[in-house]
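The values are calculated or read from the model by the stated rules, or taken from the named source; none is laboratory data. As the structure is a prediction and not an experimental result, all values here were calculated from the model. When we count neighbours, we look across all protein chains shown, and the Cβ atoms used for this are built from the backbone with ideal geometry, even at glycine. Ligands, DNA and RNA are stripped out before the accessible areas are found, and what is left, the full protein with its side chains, is counted by its heavy atoms. Shrake-Rupley method; radii C 1.70, N 1.55, O 1.52, S 1.80 Å.
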Amino acid sequence: MSRRDDLAVRPITESDFEDWHRALNVGFLREPTLTEEQLQARRHQFVPGRLLGAFDGERCVATFRSFAQELTAVGGAAVPADAISNVTVTPTHRRRGLLSRMMTQDLAAAKERGDVVATLIAAEYPIYGRYGFGPATWTTEWTIDVPRTGLDPRWSGPEDGGRIDVVDGEDIRKLGPELHERLRRAQPGAVSRGELWWRYNTGALRYNGSWTEPFYAVHRSATGEVEGMVSYEADDNWHGKQPHDTADVNWLIAVTPAAERALWHYLCSIDWITQVKTGWRAPDDLLPLYLPDPRAARVTTQADWLWVRILDVVRALQARTYEGEGSLVLEVVDAGGLAGGRYRLEASAAGASCAPTTQSADLTLDVGDLAALWLGDESAVRLATLGRVREARAGAARSADALLRTSRRPWCPDLF
């Protein structure tokens with residue numbers, strides 16, 4: 001067994017690419033060997049310096065990838081983010097500090113680049129809090145019992161003059177990016193989607209061996225403007241001579257309530273579909289209330305989703321908007337040494353300023369808990385009750401909630 005000192009952590013090169021992906025597949029319990037076609041597709045993700053590997057001799061035994069991203073803050077401002085993905089450690093090399101070494105190296109580089117935050121979707125909950133990440137958005141999945149919805153099964157399209165069209169992947173690649181940009185500029189917690197996302201999610205680029213082409217539908221308003229779209233798949237499940245098919249939603253985005261309502265109604269009106277699985281939605285999604293009987297939508301999953309690690313407290317707090325007015329002095333504890341310190345926030349509807357200060361702190365909290373508060377989802381009062389936020393001034397947690405919490409919850413529609 002190799003000692004920790006014998007294991008090298010470094011950015012991978014082109015010659016390491018196949019071995020790195022083999023280690024990635026082993027770590028995720030997928031078929032280890034990739035075809036040449038899969039390797040060529042994945043080379044589009046290769047950015048020098050952003051893929052790290054840990055090596056035992058010549059063999060890659062841990063993987064780590066980051067890429068440039070933008071995250072939407074409260075109010076619509078986009079902040080530069082270090083998006084982290086493809087994190088694995090081969091089972092034979094666990095508990096040797098490899099993830100810590102790769103994470104430390106990547107976050108230091110992100111701080112140096114000027115990224116405001118780092119982001120990731122955590123496969124397992126307990127891992128990333130020790131690196132300063134906190135769960136900043138949550139997600140909910142519903143299963144809709146179509147016959148119980150109370151919707152008119154004879155529905156054939158929106159009543160407001162709009163229309164829904166079934167389209168193909170090429171149409172989605174043309175129409176999707178602009179629609180998504182409209183969505184993410186208005187949705188705190190949303191992240192940017194590059195060209196590779198659209199190519200991969202429409203089958204133009206295939207990272208994995210199997211690909212099932214989904215169905216796509218687009219909602220257009222009465223004026224012809226694209227306001228929503230959905231990707232979904234369906235099974236073939238008959239009991240005797242009765243259909244019991246399920247529509248599985250891969251993703252659904254809309255920029256108006258009318259478009260969102262129409263797309264859900266469309267999915268529930270498809271012949272043979274008796275159940276719709278919604279995919280990952282915002283925890284306060286309007287979906288159940290679009291149905292005459294909201295109980296027809298049953299929650300099947302509710303869990304943490306986007307985790308955020310703040311790298312620059314000043315820029316993060318100044319980037320978002322505030323509905324209330326007031327000041328707050330925060331003592332931010334950061335074991336990673338990247339964003340700790342004492343900061344004074346002055347906020348109002350007109351804007352915010354934040355700067356290091358020597359004044360006495362109103363609240364003391366970990367940088368991961370600050371991330372959960374920053375996007376407006378968590379409550380400082382709740383965290384204080386749990387002992388994760390410490391009040392030095394009576395009522396400071398309630399004051400923090402008045403400044404930081406939002407009327408709608410943040411949502412990240414993407415898995416990365």
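Restricting attention to the stretch 39-91, report how many residues are among the hydrophobic types (A, V, I, L, M, F, W, C), part of a strand (DSSP E or B) and open to solvent by 10 Å² or more (accessible area, probe 1.4 Å).
Looking only at the stretch 39-91, we keep the residues that are among the hydrophobic types (A, V, I, L, M, F, W, C), and these are 39, 41, 46-47, 51-52, 54-55, 60-62, 64, 67-68, 71, 73-74, 77-79, 81, 83-84, 87, 89.
This time we only want the ones that are part of a strand (DSSP E or B), so: 51-52, 54-55, 60-62, 64, 67-68, 71, 78-79, 81, 83-84, 87, 89.
Still in the list and also open to solvent by 10 Å² or more (accessible area, probe 1.4 Å): 67-68, 78, 87, 89.
Residues meeting the conditions: 5.
Looking at 118, 41, can you tell me which residue is in contact (Cβ under 8 Å) with a residue 60 or more places away in the chain, of a type in the set (Gly, Ala, Ser) and more than 28 Å from residue 335 (Cβ to Cβ)? Break it down stepwise before answering.
On the way: 118 fails: more than 28 Å from residue 335 (Cβ to Cβ).
Selected residue: 41, the only one of 118, 41 that is in contact (Cβ under 8 Å) with a residue 60 or more places away in the chain, of a type in the set (Gly, Ala, Ser) and more than 28 Å from residue 335 (Cβ to Cβ).
Where in the stretch 261-321 are there strands (runs of 3 or more DSSP E), lying fully within it, with 2 or more residues that are of a type outside the set (A, V, I, L, M) and open to solvent by less than 10 Å² (accessible area, probe 1.4 Å)? Steps first, please.
Values: elements: 273-277, 297-304, 306-310.
So the answer is 306-310.
Restricting attention to the stretch 27-38, report how many residues are open to solvent by less than 50 Å² (accessible area, probe 1.4 Å) and touching a residue at least 40 places away in the same chain (Cβ under 8 Å).
2
Could you check, for the stretch 132-155, whether at least one of its residues is over 30 Å from residue 300 (Cβ atoms), touching a helix residue (DSSP H, G or I) at 6+ places or on another chain (Cβ under 9 Å) and crowded, with 21+ Cβ neighbours inside 10 Å? Spell out the reasoning first.
Going through the stretch 132-155, the residues over 30 Å from residue 300 (Cβ atoms) turn out to be 132.
Now restrict to residues that are touching a helix residue (DSSP H, G or I) at 6+ places or on another chain (Cβ under 9 Å): 132.
If we keep only those that are crowded, with 21+ Cβ neighbours inside 10 Å as well, we get 132.
Within the stretch 132-155, one or more residues are over 30 Å from residue 300 (Cβ atoms), touching a helix residue (DSSP H, G or I) at 6+ places or on another chain (Cβ under 9 Å) and crowded, with 21+ Cβ neighbours inside 10 Å.
Scan 337, 395, 387, 326 and give me the residue that is more than 27 Å from residue 193 (Cα to Cα) and in contact (Cβ under 8 Å) with a residue 24 or more places away in the chain.
Details: 337 fails: in contact (Cβ under 8 Å) with a residue 24 or more places away in the chain; 395 fails: in contact (Cβ under 8 Å) with a residue 24 or more places away in the chain; 387 fails: in contact (Cβ under 8 Å) with a residue 24 or more places away in the chain.
Only one candidate passes the filter, namely 326.
Go through the stretch 262-278 and give me each residue that's under 23 Å from the mean Cα position of the chain (by Cα) and either over 16 Å from residue 295 (Cα atoms) or acidic (Asp, Glu) (or both).
If the condition is that a residue be under 23 Å from the mean Cα position of the chain (by Cα) and either over 16 Å from residue 295 (Cα atoms) or acidic (Asp, Glu) (or both), then 263 is the only one that fits.
Out of all the residues in the stretch 403-416, which are surrounded by 17 or more Cβ atoms within 10 Å (Cβ to Cβ) and more than 30 Å from residue 123 (Cβ to Cβ)?
403 - this is the single residue of the stretch 403-416 that is surrounded by 17 or more Cβ atoms within 10 Å (Cβ to Cβ) and more than 30 Å from residue 123 (Cβ to Cβ).
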